[in-house]
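One structure below.
Laboratory data are not the source of any read-out in this text; all were calculated from the coordinates shown. These numbers were taken from a predicted model, which means no experiment stands behind them. We place every Cβ from the backbone using ideal geometry, glycine too, and count neighbours over all the protein chains shown.
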Amino acid sequence: MGTRAEIPPGTLYMLILKSLVRLGPMHGYGIARHIQQTTEDVLQVEEGSLYPALQRMLIKGWVKADWRLTQNNRRARYYTLTPQGRKQLAAEIRQFDVVMGAIRRVIEPA
């Protein structure tokens with residue numbers, strides 16, 4: 001069983017965008033569950049972080065949203081990746097790779 005960890009700063013957008021690429025349109029709870037399950041419970045996205053991030057992404061044009069019924073017949077806002085969101089995901093991944101490379105240089109033996 002994994003240990004819970006904080007989502008590294010600057011990676012929440014990337015995780016959300018990648019979830020939408022993999023699974024298509026999803027509601028916020030589905031996005032959070034996907035991240036939690038994929039990371040084997042190591043990363044958990046709290047509502048207080050997720051929904052403000054999704055709202056910012058809507059404003060930036062990275063996602064669009066529409067109201068639909070869930071499998072449980074509840075009304076929920078479903079988020080869909082836009083072409084601009086796909087470009088942003090590529091930029092987020094590039095930046096993540098740069099940061100991870102820098103961190104590796106610090107922690108790996110010389």
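A few comments on the model shown:
- Taking a ≥ b ≥ c as the square roots of the eigenvalues of the Cα gyration tensor, an a/c ratio of 1.5 or more together with a/b no larger than b/c marks the chain as oblate.
- CD proxy at 222 nm, helix term only [per DSSP H run n ≥ 4: -39500 (n - 2.57); per residue of the chain; nearest 500]: -18500 deg cm²/dmol
- Loop sites in segment 1-61: GluC sites (Glu not before Pro), DSSP, at most 15 other Cβ within 10 Å: 6, 40, 46
- Taking trypsin sites (Lys or Arg not before Pro) in DSSP loop states with no more than 15 other Cβ atoms inside 10 Å as exposed sites, the chain has its longest site-free stretch at 5-73.
- All aspartates and glutamates inside 17 Å of residue 60 as judged from Cα atoms, apart from same-chain residues fewer than 8 positions distant: 92
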